[in-house]
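A short worksheet on the structure shown next.
The values are calculated or read from the model by the stated rules, or taken from the named source; none is laboratory data. Note that the structure is predicted; figures quoted are calculated from it, not measured. As a convention, Cβ positions derive from the backbone with ideal geometry for all residues, glycine included, and neighbour counts pool all protein chains shown. Heavy atoms of the whole protein, side chains included, go into the accessibility calculation; ligands, DNA and RNA do not. Shrake-Rupley method; radii C 1.70, N 1.55, O 1.52, S 1.80 Å.
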Amino acid sequence: MKTVTTVKEMRALTERWRRNGKTVALVPTMGALHDGHVSLIKAARAAAQRLVVSAFVNPTQFGPGEDLDKYPRDLKRDARLAANEKADVLFAPASEEIYPAGFDTTVTVGTALTQTMCGLARPHHFQGVTTVVAKLLAIIRPHQAFFGQKDYQQTLVVKRLAADLNTGCEIVVLPTVREADGLAKSSRNTFLSEEDRRVAGAIYQALKLAEGMLQVGERHPKELLEAVRKRLKSEPKLDLEYVVAKNADTLEDVLILSGRVLVAVAVHLGATRLIDNVIVDVPSGS
Ligand code: PAF
């Protein structure tokens, strides 16, 4: 496996692959690869003839006071993991390579998908994500790009972007990979102390509670969300940012829960922000 750090070399490689009729898959990451990324890499490897894993801690998606500086970075380990999964290229550009002097363009997806949930507490986050993803899609020109369901709002935003900009790239979303107690795998889990790690287990338990309530007929967001909040608040160290139940396709609030329902939470555990969600198919009229 080759590690590529320049846009010029990355473009040259992917152009050659495309000229030779190869299909190209991309797994975009911020590095610090974990089992969730590995599951995406495995699926991408099986789907396409050439596979690029990108590892770039994108500064524009972090707000002031967020964890950009302490975000975990271990490029050697990332390269080893990507090579184990037979990626063709690890694309690991420096920040100046992606945002050179004079860079002055941002890509923004409309407010219905971005100014809700994570976008409320992190107002510039999605603009940073969409700008860098648009650049990665322009540089690598993948036929498919793979994302995890843990960042569900991001997957909807990126799907919108990929369609609206006629990228020709299919956005593939794969299920969240979890620890034994259900905690969603995340690069940020490395920040958790042993005690925080135990407390964090409550997030998935609260989401499973919501899933169970929907399965036995609860259709009122208020009751459902109260139960989720109560479960989360039973762990005093969990500081709730949001708990929502929404239409999973549009992120709209609904009066009656039916169809594809998204239940999503964001919490702070000390200085660490964690998000997770479940999607439940609720037969309409049931
Ligand atoms: O999900 C992530 O790791 C990032 O938001 C992404 C998609 C790689 C863009 O920086």
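Here are a few things to note about the model shown:
- Odd one out for Arg77, checked against (1) buried (at least 17 other Cβ atoms within 10 Å of the Cβ); (2) away from the ligand (no atom under 14 Å from the Cβ): (1)
- Tally, over the stretch 137-178, of residues that are without any contact (Cβ under 8 Å) to a residue 24 or more places away in the chain and open to solvent by less than 50 Å² (accessible area, probe 1.4 Å): 1
- Hey, Ala134 more than 18 Å from Ala266 (Cβ to Cβ) and open to solvent by less than 30 Å² (accessible area, probe 1.4 Å) or not: yes
- In the stretch 34-44, the condition of being within 12 Å of the ligand (Cβ to nearest atom), under 16 Å from the mean Cα position of the chain (by Cα), aliphatic (A, V, I, L, M) and part of a helix (DSSP H, G or I) is met by at least one residue.
Yes/no per residue for (1) touching a residue at least 60 places away in the same chain (Cβ under 8 Å); (2) open to solvent by less than 60 Å² (accessible area, probe 1.4 Å):
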position: Gly201; (1), (2): no, yes
position: Lys230; (1), (2): no, no
position: Glu235; (1), (2): no, yes
position: Asp239; (1), (2): no, no
position: Asn247; (1), (2): no, yes
position: Glu252; (1), (2): yes, no
position: Val263; (1), (2): no, yes
position: Ile279; (1), (2): yes, yes
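- Picking from residues in the stretch 145-159 that are part of a helix (DSSP H, G or I) and aliphatic (A, V, I, L, M), the one that is nearest to the ligand (Cβ to nearest atom) is Val158.
- The set of residues in the stretch 168-188 that are within 14 Å of the ligand (Cβ to nearest atom) and more than 19 Å from Ala43 (Cα to Cα) comprises Ser187, Arg188.
- Tally of residues being touching a residue at least 40 places away in the same chain (Cβ under 8 Å) and open to solvent by less than 30 Å² (accessible area, probe 1.4 Å) across the stretch 10-20: 3
Residue by residue, here is whether (1) in contact with a strand residue (DSSP E or B) (Cβ under 8 Å, 6 or more places away or on another chain); (2) open to solvent by 50 Å² or more (accessible area, probe 1.4 Å) holds:
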| position | (1), (2) |
| --- | --- |
| Lys22 | yes, yes |
| Pro28 | yes, no |
| Gly31 | yes, no |
| Ala47 | yes, yes |
| Thr60 | no, yes |
| Leu90 | yes, no |
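- With respect to being outside any helix (DSSP H, G or I) and either in contact with a Cys (Cβ under 9 Å, 6 or more places away or on another chain) or under 30 Å from Glu15 (Cβ atoms) (or both), Pro142 fits the description.
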